[in-house]
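Data block below; observations after.
Quick note: the coordinates plus some simple rules give every number you see, no bench work behind them. Given the structure is predicted, the values throughout are model-derived calculations rather than measurements. Positions of Cβ are backbone-derived with ideal geometry, glycine not excepted, and every protein chain shown enters the neighbour counts.
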Amino acid sequence: MRIAARFLIAVLIVLVLAGIALFFLRKPIVAAAAERILKGVGLEAPEVAVDEVSLTRLDVARLEAGGGAERGLDLRDVALFYDWRALLFDGKIRSIEISGGRVVAAFDDAGGMNIAGWSPDPNVKPAPPPFKTLKVGALDVIARTPKGDARLDTAGAFDYADGGEFRIGLASEGAGFATAAMSGASGEATLRFGADGSIAAKGAVTGDVTTPAGAVRGLDAELDAALSSWRGFFGAAPRALEGEATLLLKSSTLDAAATPSLAPVADAGGAPIRSLSLSGGVKAAFAEGGFSVSIAGGPVTIAADRGDRLVIEAGEGPLYESRAGAKRLSLKAALEGPAATGVARLSAASENEGPWEVDAAAALGEQTVGGVSLGSFDGAFAGAYAAGRLSGVADIKTLIKSAAIGRLRINDMPAAARLDVVADLKAKSMSASAADGACLVVDRAAFRMIEQDMDARISDASLCPGEAPLVAVVLADPATARVSGRLAARTAHYRLGKTVFDGAPPEIDFSLDYDPAAQTSRIAGKFSGGRVILNDAFALSGARGTFDGAIVGEKMNAKAALETMRIAQNAALEVVAPVLVSGEAGLADDVARFDIAVMTPKGQPLGKGEGGHEVRTGRGEAIFDSGILTFKYGLQPDGIIPALRGVISSATGTTEGRARFAWAPNELGSSATVNLDDVSFAGPGVAVTRTEGVAGKIVFSNLSPVATAGEQTLSIRKIDLDALKLENGGMRFEMPGDETLRVAEAEFPWFSGVIGVYDAAINIGGGTAQTSLQIDDVDLGQLLKYPNVEGLSGEGKIEGVLPIVFEGGRAFIRSGVLSAKGGGLIRYENKNAEPAFQANEQTRLAYEVLKEVRFRNLSLVIDGPLDGELNFKIVFDGEGAIPVKTRAGSTRVLSPIIYRLTMNVPLLKLAQGAKAAVDPVGFLKSAPRSPDETEKAVEDLIGSNPDIF
């Protein structure tokens, strides 16, 4: 027992001594405990200086926390009033008074806050404060942001039962975040907290605001709010706010020069926009756990210094509403001014944090934006927005009156499209494709290039999608844009100087990439089809190939590989047959160069060409070289010149040609050289069996119209007419470029004389042409001997002129006359044909006279088409020996005679008659006949050719 008593006495003595020690050491102990508590909640390096402590009051002279030279928390003269039992057992403080001090709240760009190392825990549930009243004499709250500090001078009092009031003053030279910052800001506000939980706020702020989208100068705004309940922040009432808050924008000015997004609008519509003024207000209403935003005090108005005016109003219902898991946005806008006039609407809705369903439309009248003048614009969009991604269908219809893109000018271009649009706002990207496989349609458009004599037009054009979107744009750094698809047009017109293309252009599958930072565009693709007319002379069709190119600033380069293209004359009757070309072309340093191969549609090579074109001057040159072409099976003149079909065939020999083309604005020149080496062919025509040994060089000074470089010469070894052969002749001619062929001389030796054309001009441009075939000093004896008719001979000289007219694709002899030069002699005595002349006395007498006729005059008049019946009128007079019977027997008496003979004989039949005279047996065997048919054929042959038999 004694041991226990001694232990109890010892404990009491220790407690008394400890109590005495605690009383004298109470300040350091409380300060250490407070510092330990502050460190426990996350404050850095807390320091507490206790001035006085009792069972009812704690006076803190200084409370600091935070690392660094500047403390984030610095409170002076803080008094805490309490009942020691409530403090000990309930942790309650009756009152806190803060005479002065400073709190630095540091914010990052994401909005996170830190005070001296302490950050609020968002998961902590609301609870009543540990004090009943709070009084603040003068507390400076510093909001430290990435863009600078904002100072809030705070003073007031609050009672948890009765409410209270705080007055806040704002001042900042510059503060804010990357998304928005203020400068030169000042303001004041009063917050009143009612005993019923109401919150009344009134305040005003002025200053300048800067955002990446632009800068607002002279902002002057007022706030007026009536809300409830503030007790919800302490868990004593529903946490959701109810009531209204109105923000009224009294005045502000948007600096257009400091707003990159307004650059296209600022320069549009005439005088540039320097500033925009904003006015209006919005009202936020909080109720039933949700809120709505409406226009307050009239519409929100944005007015430009030059007269543009944009008015924004709510659509159906509030401007914005969020309630019971449903969110809705609805607004409409009207714009008028020199740049554009029109209306637009936007509505969007979301349920239960799901995607936003978006519906928008705009209708604008004439407008000018960024160098593009639009006659009208109608657009609509329906789609969805979620997680920073907007997707939907856009319908667009517009008229581009004029647009300037570098040196290119576009005019009168209506366009319409239905597009699938996807925009990723986080990735800053957007793409558009034709909806349901449809195409962007352009009814018409006109183009021209500054500093170049060029213009172009298209009609019924369409841009259709391929595998990739029609348009893909990335606005992130680096920004890019791509346009791809298939471009086609029903008709197109392109003129460069005097070079004109008209028709349906090839379809183009392409992709175009644009880098705005580098001012670079790159394009690549392939082309196919089309049919265009070049200078109303050549038809270019069936093109197929690939291309790629780039535009860097004002410079452009490109290259193309032409797999094939058909070139034909644009004429009902082609002078030159269609050909196929292939090759390569390139553009660099404003000069286009090309290298092509030419072949027949069946693949026979015809030559190669190369050349260049200066884009800026419009000047260019092309050289074509056929090389040596050998006529053979598969390569015939009528395959190159269709007009020769049926005229000549079975050609042999070689030819070689070289042509040069040069052009400039309003100029087109050409020249060529053609070499013929021993060219032979069947024809021309049916009457000529074969022409052989044509040789010579033809130099053309121009090809359109065709003109030769002075007089040209060709030699012809032989023209075979079967019954008539012309050998070792020649031709001298020129083509002056007036669609005439001027023949100086085309002459052949003929029966010791000559036959030819001299000093003649023949129209080769169509219509009617004429020339004359002259015969001179022809030996009649040799002429009559040539058919090898038995018993036929003669003496004398023949001359004459056969006028030939070419009309409607046919040749006619008009009043041709052949006559004898002086007298002559004709003899005909054929024992084999003699029985045919014994039919009667008249034919017998005629035969006897023809045995020897001495004529004084002989003439032959010929009329008619060379491919039809020729009319022959033959007249000769003289004297012949007529047999006379006398008593002494028979004697021959000279008697004057006149022969007149008219015949209508087809030229081909006449030629056949000549052939029959040369080889009667071969002629009769030309077709199978019975013996009776053969006898009749002989009679018909003799009867139809009395002038020969």
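Our coupling estimate for segment 389-402, obtained by passing each phi through the Karplus curve with A = 6.51, B = -1.76, C = 1.60 and θ = phi - 60°, is 10, 10, 9, x, 10, 10, 10, 10, 9, 8, 10, 8, 6, 7 Hz, Gly and Pro reported as x.
Subtracting the Cα-Cα distance of A204 and E799 from their residue separation scaled by 0.36 nm leaves 201.9 nm.
Write out the trypsin sites (Lys or Arg not before Pro) in segment 62-115 meeting two conditions: DSSP loop, and at most 16 other Cβ atoms within 10 Å of their Cβ.
Details: sites: R62, R71, R76, R85, K92, R94, R102; in loops: R71, K92.
Of the trypsin sites (Lys or Arg not before Pro), the ones in loops of segment 62-115 whose Cβ has at most 16 other Cβ atoms within 10 Å are K92.
Once the Cβ-Cβ distance of D590 and R566 is raised to the sixth power relative to R0 = 25 Å, the FRET efficiency obtained is 0.25.
Among the trypsin sites (Lys or Arg not before Pro) in segment 383-490, those placed in a DSSP loop whose Cβ has at most 15 other Cβ atoms within 10 Å are R407, K426, K428. A simple packing score, the average count of other Cβ atoms within 10 Å per residue, orders the peptides 513-522, 144-153 as 144-153, 513-522, with the highest score first. Peptides 225-233, 815-823, ordered by how many other C-beta atoms sit within 10 Å of their residues on average, highest first, read 225-233, 815-823.
Over segment 767-853, Cα pairs under 8 Å with separation of 6+ residues give a relative contact order of 27 percent. Spin-label model, I898/V647: points 7 Å from Cα along the beta carbon direction are separated by 4.4 nm. Computed over segment 492-543, the Cα gyration tensor eigenvalues convert (square root of 5λ each) into semi-axes of 28, 15, 6 Å, ordered from largest to smallest.
Between V615 and V591, A592, the built amide H atoms are under 5 Å apart, and every one of these is 5 or more places off in sequence or on another chain.
Where does each of 529-537, 541-549 land if you order them by average Cβ count within 10 Å, highest first?
Values: 529-537: 15.4, 541-549: 17.3.
By packing density, highest mean first, the sequence is 541-549, 529-537.
Remark: the I874-R57 segment gains 278.2 nm on full extension, using 0.36 nm per residue and subtracting the alpha carbon distance. Counted over segment 746-824, the DSSP beta bridges are approximately 100% antiparallel.
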